[in-house]
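Just so you know, all these numbers are worked out from the coordinates, no wet-lab data involved. Because the structure is a prediction, the values reported are computed rather than measured. Methodologically, a virtual Cβ is constructed for each residue, glycine included, from the backbone with ideal geometry; neighbour enumeration extends over all protein chains shown.
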Amino acid sequence: MDSAIAPHLRCPRTRPRGVGDGHVPPAPAWSARAQEPLGQAVIGYFGVQFRSDDAPAARTAFEALLDCLNAADGPARRDLAQYDDAAGFQNLIAVSYWDAPSSYARWRDSARVAGWWDAARRAPGPLGYFREVLSPSAERLETIFSSDQRLEGLGALMGGVSDEIEEHGYWGSMRDRLPLAQTDGLDGDGALVPTTDPDGRGRRVAGGRNLVVIRSGQDWSETRGDERRLYLDDIEPTLRAGMDYLRDRGLEAGCFCNRYVQMIDETLRPIEKSFGVSHWRSLADLEQWSASHPTHLAIFGVFMQVVSDLKDLKLHHEVCVLEPAAQDYEYVNCHPGTGLLGAIG
Ligand code: HEM
């Protein structure tokens, strides 16, 4: 078996793993691996927010964003999603992955992209725009996939997988997959503060030390028969209840914001994939929620019971633990419940 931690990121542990050496996982799982070691990734969530009456304008604005993403130095990989939020707004989101901060910076600062963002900030009309950009270094990232085929998100950017990994199938395994957690407790300071926007057109938020972002994805597009029914009738409604809890009352669990999104294709039509993306005060808060909240315990329990019969349902997650300088959040003309704005009031 392999370790989830890539060979070049392994070091003598000063912090023990959450499980003994004889641990045998109940089912196989894999972690993403890049062919050339990844130094630092950039993950950008770019969104257009609108009321349904403004859908045509929003679509045009989103297509302009996609054109920008196609420009030189654009992301190597992107996923599209739509999200109907609790305030009654719709959001189109492009999740974009770069394998180096330098190419992201060149893209962001190019005349075309800077001009597009500036125009959006100056004349947003009825639309809202946001960008939430995370730049985790490799030792602050972990991924897990239930299949080694059709990797999603960061895994698709990295392009390959480990052998079957040891560190999964027990609470605390997320931490054990994080390279930096070999020697660091990754305590969060819980800070989340509004910061000044130089021209006052957008609202900016500064995230604190070791804020955590998880994208947890589900792909049921290849499921059939009993497996499809199990996912759609048993697992998904419980997942949705858990996602609604995090959206509406997440702060009491240390979750600053949560979006449970429907993935869409390039023509903006729904596909049979979803993910939850949430920002957390700390890794400990995320661990506590996943190991104790009835909704996650219920889906975890069902999953563990039927895991050997699950053939085509694909699950994955990617987690990053971020330093303050690796977070950049800006919201233009968005309602006050959008993303991290909802947590600062
Ligand atoms: C871990 C099931 C959605 C957060 C796990 C594990 C399973 C599971 C089986 C253990 C994985 C292993 O170590 O082998 C599911 C299913 C989901 C789902 C079936 C949906 C269909 C989510 C979502 C979140 C989440 C949306 C977002 C907050 C976590 C976390 C862990 C975990 C943080 C790691 C806990 C730890 O290692 O301490 N989940 N999950 N899960 N899940 Fe989920």
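Across all directions, the shadow cast by the convex hull of the stretch 256-306 built on its C-alpha atoms averages 4.8 square nanometres.
You can think of it this way: the chain between R150 and D118 has 7.9 nm of extra reach, that is 0.36 nm per residue less the Cα-Cα gap.
The equivalent ellipsoid that matches the C-alpha gyration tensor of the stretch 1-97 spans semi-axes of 40, 19, 11 angstrom, in descending order.
Pairs of Cα atoms nearer than 8 Å and 6+ residues apart set the relative contact order; for the chain it is 25 percent. Expressed in units of 2.2 N^0.38 Å, where N is the residue count, the Cα radius of gyration of the stretch 218-297 is 1.21.
Among V302, V261, V332, the largest mean-square fluctuation in a Gaussian network model of the chain, built with springs joining Cα atoms closer than 10 Å, belongs to V302. Cβ-Cβ distance of D67 and D21, R₀ of 35 Å, FRET efficiency by 1/(1 + (r/R0)^6): the value works out to about 0.10.
Shape index of the chain: Rg/Rh, with Rg the Cα radius of gyration and Rh the Kirkwood radius from the inverse mean 1/r over Cα pairs, equals 0.95. Comparing V332, G301, V321 along the charge dipole axis of the stretch 214-345, the residue lying farthest to the positive side is V332, per the Cβ-charge model. Within the listed set P198, P324, P237, the Gaussian network model of the chain (springs between alpha-carbon atoms below 10 Å) gives the highest mean-square fluctuation for P198.
Ignoring everything except DSSP H segments at least 4 long, calculate the 222 nm mean residue ellipticity for the chain; use -39,500 (n - 2.57) per segment, divide by total residues, nearest 500. Numbers along the way, then the final one.
Numbers: 10 runs with 94 residues, N = 345.
Mean residue ellipticity at 222 nm (helix-derived): -8000 deg cm²/dmol.
Basic side chains Lys and Arg get +1 at the Cβ, acidic Asp and Glu get -1 at the Cβ, and with that the dipole of the stretch 256-295 about its Cα centre reaches some 100 debye.
The local environment of W30, defined by Cβ-Cβ distances under 10 Å, has a net charge of -3 under the rule Lys, Arg +1 and Asp, Glu -1. Springs between Cα atoms under 10 Å define the GNM used for the chain, and in it the highest mean-square fluctuation of A76, A29, A87 occurs at A87. Compactness of the stretch 28-155 is given as radius of gyration and Dmax, 16.1, 51 Å, from Cα positions. Given their separation in residues at 0.36 nm each and the Cα-Cα distance between them, R10 and S308 gain 104.2 nm when the chain is fully extended.
May I ask for the net charge around D219, where only other residues with Cβ less than 10 Å from the Cβ of D219 are counted and Lys, Arg are +1 while Asp, Glu are -1? Don't skip to the end; give the middle numbers.
Numbers: positive: R150, K273, K314; negative: E152, E222, E272, D312.
After counting each charged neighbour, the total is -1.
In the frame of its principal axes, the stretch 264-345 has Cα extents of 46, 39, 23 Å, reported largest first.
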